[in-house]
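Everything below concerns the one structure shown next.
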Amino acid sequence: MYPRSRIFPARLLHGNIFPGTKRAISPFSSGDTSEPRFTELISKQHWSKLKPHLKNTSPSTLLQHLLNSMADPDLTLRYFKWSQKEFNLSHPMESTFRLLHSLANHKKYSRMRSLLNGFVKSGSSISIHSIFHAISMSGDSFCANSIIADMLILSYVYNMKTHLGFEAFKRAGDYEFRLSVLSCNPLLSALVKESEVGDMEYVYKEMIRRRIEGNVISFNIVINGLCKVGKLNRASDLIEDMKAWGISPTVITYNTLIDGYCKKGRIGKMYKADAVLKKMIASNVRPNEITFNILIDGYCKDGSILSAMKVFGEMQNQGLKPNVVTYNSLINGLCCEGRLDEAISLQDEMVSLGLKPSIVTYNALINGYCKRSMVKEASDLFDDIARQGIAPSAITYNSLIDGYCKDGRMEDAFGLHKSMMERGISPDVSTYNCLIGGLCREGNRKGVRKLVDEMLNKGLRANVITYNILVDALCKEGESRKASRLLDEMVKKGLSPNHVTFNTLMDGYIREGNLKAALNLRTRMEKEGKQANVVTYNVLISGFCKKGKLEDANGLLNEMLEKGLIPNRTTYEIIKEQMMDKGFVPDIEGHLYSISAYS
DNA sequence: TTAGGGTTAG
């Protein structure tokens, strides 16, 4: 059963093998009658009696002997753990894997997991290659090799060392270790959570190539990953693929795709989400509470409370009970539209149904008050929830801090920042973004610099929003050149500028009359795969208007409509104030009438 | 080991 003859030359096992160890004092040397005594001491955990013997023999030597003597792996493991702790040492990796092989051969899987967890936690800098080499050299059971490798990957993932788990997954192919869904699914899931969707796709493809049998959960995770990065068609196709593999999509599969359309879909996304719902029903998969919650939230975020309310009614017609999440989505939707009275009525309704508002409910309401400049009400609600014994979250603080900042009450905002730290809630990047935004509005450059330094000193990294705030502030101060340097800096730091970044800087160029720079920036943005959106068009149309190039502005307007982009209030204000009031009637057939709706 | 709600930027 043990591979010693193959792996370890005989002379290593039977001779005086360990440097500094004399044969005479080796506890298991041949003819030594004390072997049963040692195993007895270990099994009875008489460590104090065992310890004196380890003055002459190194703890690792004893471990080697236990492994060679084919002692009960439980006993060896017990000694392994005690000796590591007692002598604050790490046994050689080879011994660890010989022990793992022994445990695998006895099907002691939970013991293996715990041993591997310890190995992974010890954070050794040994390469995956060396580890896998050690695994294959310390046992001759092909099956045990694979089980150890599988569990090792799982340990990496559980200990938040996903990159090592991924590396091990890649290398496992070279050693022909056969992995299973037990490690692959958690690895796929961790990669999605860490936004490493490219790596997730690699794992998925390799699973197929290596014939690792995935299950419905594997597909659900991959579909979720694809949805998170907006690859909705691919996600949709995968549902067909899984059917072809004989795996039936579940309610979770469909919910994931519906949520993908709600959150990442483009034009007509709610129509597409609804189409998935219909397909799901046609496949005899019944929607559950979560399906309805996803749709309700989707309609709310799409600005259609009316549709959300219809779905809310349909959900109840189907005999499904709305829960806290359902109400939170609706309350937040109403708050975002400034319909606070209705939001509060819904809160009353949920309480009357026996549902307890959560911190998420209160955060939505606090934010709603702040957005309508009702900072007093927001702050009263903040105090009220504290009195109820509900712990505010970082988001609660951030919402109120932002409310104070936008109200110009920077002292109060910093007071809350201080008190959140006193309560043990760490300010995050959003907290700093709110405060930095407040100081920018005041034109307090020195304060901004100090705050950015404080944030970085805390180990927090500026994100895209931080940069966008700073870019905007510089543009508003007429320093678009400096702002463009910030754009380069963020790219250098590995952040990818988004629509807001480009549109803000474009707006800065337009303010300074530099239409050419704005148009160049649009080209750069599209080269980077970001198509102009409504805000981009508004900025550029306004830029042309300011230069008196109304025909060009009209051309852009048509281009925007042809792309299916829906003009917003700002678009119509530009049309009215910068075109029509100047006697130019834009040629945008059929769309002109909408202007009256905004005026 | 898989799905849903709350904060910050144009």
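The values are calculated or read from the model by the stated rules, or taken from the named source; none is laboratory data. Note that the structure is predicted; figures quoted are calculated from it, not measured. Here the Cβ is made from the backbone with ideal geometry for all residues, glycine too, and neighbour counts use every protein chain on show. When the accessible area is computed, the model is the full protein with side chains, heavy atoms only, and any ligands, DNA or RNA have been set aside. Shrake-Rupley method; radii C 1.70, N 1.55, O 1.52, S 1.80 Å.
Distant-in-sequence amide contacts of A:I425, defined by a placed amide H-H separation under 5 Å and a gap of 5 or more residues or a different chain, comprise nothing.
With a Förster radius of 35 Å applied to the beta-carbon distance between A:S180 and A:M421, the computed FRET efficiency rounds to 0.20. Amide H contacts of A:I588: none lie under 5 Å away among residues 5 or more positions distant or on a separate chain (H built 1.01 Å from N in the peptide plane; Pro and chain starts excluded). Computed from backbone phi with θ = phi - 60° and the Karplus coefficients 6.51, -1.76 and 1.60, the 3J(HN,Hα) list for segment A:265-279 is x, 9, 4, x, 5, 6, 5, 5, 4, 5, 5, 5, 4, 5, 5 Hz; x is used for glycine and proline. Specify the angular offset, from 0 to 90 degrees and rounded to the nearest 10, of the alpha carbon long axis of helix A:340-352 from the longest principal axis of the alpha carbons in chain A. Orientation of helix A:340-352: about 40 degrees from the principal axis.
Here the simple spin-label model places points 7 Å from the Cα toward Cβ, and for A:K356 and A:N88 these points are separated by 4.6 nm.
Of the accessible area of segment A:197-339, computed with a 1.4 Å probe over protein heavy atoms only, carbon and sulfur atoms account for 54 percent. With each label modelled as a point 7 angstrom along the Cα→C-beta vector, the A:S125-A:R266 pair spans 4.7 nm.
When peptides A:53-63, A:390-400, A:346-356 are ranked by their average number of other Cβ atoms within 10 Å per residue, the highest-first order is A:390-400, A:53-63, A:346-356. Here segment A:532-599 has 51 percent of its accessible surface on carbon and sulfur atoms, given a 1.4 Å probe and all protein chains in place. Charging the Cβ of each Asp and Glu at -1 and of each Lys and Arg at +1, and nothing else, the dipole of chain A about its Cα centre rounds to 2240 debye.
Solvent-accessible surface of segment A:96-190, taken per residue with a 1.4 Å probe and all protein chains present: 41 Å². Neighbours of A:G543 by Cβ distance under 13 Å: Lys/Arg scored +1, Asp/Glu scored -1, total +3. Placing dummy labels 7 Å off each Cα toward the beta-carbon, the span from A:D341 to A:V491 is 5.1 nm. Computed with every protein chain present, the accessible area of A:H133 is close to 90 Å² [probe 1.4 Å].
Accessible area per residue for segment A:532-599 is 53 Å², calculated with a 1.4 Å probe on protein heavy atoms, without ligands, DNA or RNA.
Grab the beta carbon distance between A:N56 and A:A391, set R0 = 41 Å, and tell me the FRET efficiency rounded to 0.05. Result of the calculation: an efficiency of 0.10. For segment A:575-587, 3J(HN,Hα) computed residue by residue from phi via the Karplus equation (6.51, -1.76, 1.60; θ = phi - 60°) reads 4, 6, 6, 9, 10, 5, 5, 9, x, 9, 9, x, 9 Hz, glycine and proline entered as x. For a modelled paramagnetic label at A:A244, 7 Å from Cα along Cα-to-Cβ, the residues of segment A:183-203 in reach, with backbone nitrogen under 19 Å, are A:201-203. Using the Cβ-Cβ distance between A:L456 and A:H499 with R0 set to 22 Å, the FRET efficiency works out to roughly 0.30. Reported value for chain A: 226 Å³ per residue, from the convex hull of its C-alpha atoms.
In whole angstrom, how far apart do the alpha carbon centroids of segment A:218-292 and segment A:477-555 sit? If we compute the Cα centre of each part, the gap is 35 Å.
Using alpha-carbon positions, what is the distance between the centroids of segment A:177-213 and segment A:397-453, in Å? Each part reduced to its Cα centre gives a spacing of 41 Å. Each Cα pair under 8 Å and six or more residues apart adds its sequence gap; the mean of these over the residue count of segment A:532-599 is a relative contact order of 32 percent. Reducing segment A:116-163 and segment A:305-378 to their Cα centroids gives an inter-centroid distance of 48 Å.
Each residue of segment A:98-107 was assigned a 3J(HN,Hα) from its phi angle through the Karplus expression (A = 6.51, B = -1.76, C = 1.60, θ = phi - 60°), giving 5, 5, 4, 4, 4, 5, 4, 5, 9, 6 Hz with x at Gly and Pro.
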